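Okay, so here's the structure we're looking at.
What follows is calculated from the coordinates using simple rules that are stated; it is not laboratory data. What you see is a predicted model, and the numbers here were worked out from it, not measured in a lab. Ideal geometry is used to build each Cβ from the backbone, glycine not excepted, and the neighbour counts take in all protein chains shown.
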Amino acid sequence: MLFQLSRRDCTWAFVLTLLGLILGLLVQWQLVLHGFQGTLDLQIAAVEKEEAARRLAALPTCSLEQALARHEEGRTLFIDAREPEEYRELHIQRALNLPASQVSARLVAAVLQGVSLAQPIIVYCGSVDCHASLRVAEFLKKQGYSQVAVYVGGFRAWDEAGYPVDIVR
Amino acid sequence: MWEAFAPGMRRGIRLTSSVKRSLLLSFRLFLGAIFLYASIDKIIRPYHFAAAVEAYQLLPPFLVALTAAVLPWIEAVSAAALLVGWKPRSALLVLSALMVVFLAAIAVTMARGLDIDCGCGLLVERPVGWLALAEDGFLLLLLLGLLRALPEQSPATRIPLHS
């Protein structure tokens, strides 16, 4: 026989499950309540927004005007954290694509080949609500890039302002 | 022939009881720590875990919330029991059942072609894919191996699971 389980094993397994269930319900009753009231998605969005704001506070950020000034100055490297399809369609002029969903040390090494760790970098994603730029900026900081900032307005604000863009042909 | 390369291998190596005990203890502590660690991330960020469960698109919202609320605690309680050696076989049984559920969810999601975070815990985001499947499959094998190797709590009223 592969396994032999006693009735006692099964009973205590049930007790452990019940204990976890009770603890979970007691500690997370608000989460369960949101599920039953149909407000779970709203609550998840609110918590994610709060978490993003906390993470953003730990990184330097720049506004649309500051981003444009840095772009015109020409020394700053712009990184587009959106998916490749969005990047191909339209992106900030001279920006490189580092999709947040695929970010890895290998991809960073390939995309930023020859780029100094002291290079000023600005990361952006789709709009003010997206979190992809945060993830990529945090990853780049972990990889040793010391001058990483997030442009919080996202590509939408840049495009709407009529600032320079590129398309991949 | 085997004797020339690894003496005793052909007949099976007999472990002394103290070595066997130490091995079982190491595996028990390792698995207990792994699952406790994995559950902590889900417990401290319940809404993040709820979003991960929701992304699988397998449950209605109220069941997503219920799963996100209780599953990490069941995992934590069982992992803690395994870690301290209280009813370890029962804890292994619960954790194995959870792993089967995780594996089924990952397999279904892969078959549906969804590209989502697996929500597996361990404080590192990983997408649903072969790596997550292999990782959970390996952990399930370890759990079942330990369940088979650990001495039974009571020889009475045994229920055979497989012949």
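Output the residues belonging to the stretch A:99-145 that are under 30 Å from A:A46 (Cα atoms), more than 14 Å from chain B (Cβ to nearest Cβ) and among the aromatic types (F, W, Y). Correct list: A:Y124 only. Kindly indicate whether B:A69 is within 8 Å of another protein chain (Cβ to nearest Cβ), touching a Gly at 6+ places or on another chain (Cβ under 6 Å) and hydrophobic (A, V, I, L, M, F, W, C). So B:A69 passes the test. For the stretch A:11-22, the set of residues classified as within 43 Å of the chain's Cα centre (by Cα) and more than 7 Å from chain B (Cβ to nearest Cβ) consists of A:F14, A:V15, A:L18, A:I22, listed by residue number. Among the residues of the stretch A:49-88, the ones that are among the charged types (D, E, K, R) and away from chain B (no Cβ under 14 Å) come to 9 in all. Of the residues A:V108, A:V123, the single one that is under 27 Å from B:H48 (Cα atoms), of a type in the set (V, I, T), assigned to a strand (DSSP E or B) and within 18 Å of the chain's Cα centre (by Cα) is A:V123.
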